[in-house]
1. Within the stretch A:77-92, is there a residue that is under 26 Å from B:E6 (Cα atoms) and either in contact with a Cys (Cβ under 7 Å, 6 or more places away or on another chain) or touching a residue at least 60 places away in the same chain (Cβ under 8 Å) (or both)?
2. So in the stretch A:42-54, with the set limited to residues that are within 11 Å of another protein chain (Cβ to nearest Cβ) and outside any loop (DSSP other than H, G, I, E, B), which one is farthest from A:E84 (Cα to Cα)?
3. Which of the following residues is out of contact with any helix residue (DSSP H, G or I) (no Cβ under 8 Å at 6 or more places or on another chain), within 14 Å of another protein chain (Cβ to nearest Cβ) and crowded, with 19+ Cβ neighbours inside 10 Å: A:S39, A:S57, A:S61?
4. Taking the stated definitions as given, is A:S39 outside any loop (DSSP other than H, G, I, E, B), under 12 Å from the mean Cα position of the chain (by Cα) and of a type in the set (S, T, Y)?
5. For a quick check of your reading: which strands (runs of 3 or more DSSP E) sit entirely within the stretch B:17-72 and have at least 1 residues that are buried (at least 22 other Cβ atoms within 10 Å of the Cβ)?
6. Taking only the stretch B:84-119 into account, find how many residues are in contact with a strand residue (DSSP E or B) (Cβ under 8 Å, 6 or more places away or on another chain), more than 7 Å from chain A (Cβ to nearest Cβ) and part of a loop (DSSP other than H, G, I, E, B).
7. Is one or more of the residues making up the stretch A:66-88 within 13 Å of chain B (Cβ to nearest Cβ), touching a Gly at 6+ places or on another chain (Cβ under 7 Å) and of a type in the set (D, E, K, R)?
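Computed from the coordinates by the stated procedures, all read-outs in this text should not be read as laboratory data. Small disclaimer: the values here were computed from a predicted structure and weren't measured. Virtual Cβ from ideal backbone geometry, glycine too; neighbours counted across all protein chains shown.
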Amino acid sequence: DVVMTQTPVSLSVSLGGQVSISCRSSQSLVHNNGNTYLSWYLQKPGQSPQLLIYKVSNRFSGISDRFSGSGSGTDFTLKISRVEPDDLGVYYCGQGTQYPWTFGGGTKLELK
Amino acid sequence: EVKLVESGGGLVLPGASLKLSCIVSGFTFSDYWMRWVRQAPGKGLEFIGEIKPDGSKTNYAPSMKGRFTISRDNAKNTLYLQMSSVRSEDTATYYCARPLGDSGPFDYWGQGVMVTVSS
């Protein structure tokens, strides 16, 4: 299975600030069809995960442009700008290039 | 509005069987692959498997093969997860989820159902 490693494990941010979360995969996530199936999710406290970003940099419907994804190959980054209280929770990256789907261990975003 | 609602969880003895259900609404269920994911307490997300729209094909994560069976009833808009010979390490919240496109990421999730395996 592809191993997804997220850093840092936790992150403190001030409201209005900017943060970056890193996700590294044990193998390239470039599919034979040329797509890279790397997605990002946010799990708010007590809730199920919600999709933020798919195929590296595409924002899902209704997701603020404060969230942006980038990267290629094995290294990916999620940036959150102008952090709001509703952004707090645990962020996961996930890959679907190689079966089975696997996820990173999560990055907890907390208020400073 | 897309909704997925899981049920059937609870406390179960080691070695027993349990069947979870996920009733969906707000989209044409029979058009979509559907998936199950679980999350042990305080841990990350673990993919279990998925089923084709017509129910003719299932795929499982290798670590899940053998004790988990995914099925569906399109007439009832319901997805199922049959769990057998459960172990303490199966204690988790189980989520059903819909993919974005046939092989895309998980765009809608249920609220989850807790399964606790303990004697």
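1. Going residue by residue through the stretch A:77-92, those that are under 26 Å from B:E6 (Cα atoms) are A:86-92.
From what is left, the residues that are either in contact with a Cys (Cβ under 7 Å, 6 or more places away or on another chain) or touching a residue at least 60 places away in the same chain (Cβ under 8 Å) (or both) are A:91-92.
Yes.
2. Checked the stretch A:42-54; the qualifying residue farthest from A:E84 (Cα to Cα) is A:Y54.
3. A:S39
4. The answer is yes for A:S39.
5. Those strands (runs of 3 or more DSSP E) span B:18-25, B:34-39, B:45-51.
6. The number of residues fulfilling the criteria is 5.
7. No, there is no match, as no residue in the stretch A:66-88 is within 13 Å of chain B (Cβ to nearest Cβ), touching a Gly at 6+ places or on another chain (Cβ under 7 Å) and of a type in the set (D, E, K, R).
Conditions (1) of a type outside the set (S, T, N, Q); (2) surrounded by 23 or more Cβ atoms within 10 Å (Cβ to Cβ); (3) out of contact with any Pro (no Cβ under 8 Å at 6 or more places or on another chain), marked per residue:
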{"residue": "A:S70", "(1), (2), (3)": "no, no, yes"}
{"residue": "A:F76", "(1), (2), (3)": "yes, yes, yes"}
{"residue": "A:V83", "(1), (2), (3)": "yes, no, yes"}
{"residue": "A:P100", "(1), (2), (3)": "yes, no, no"}
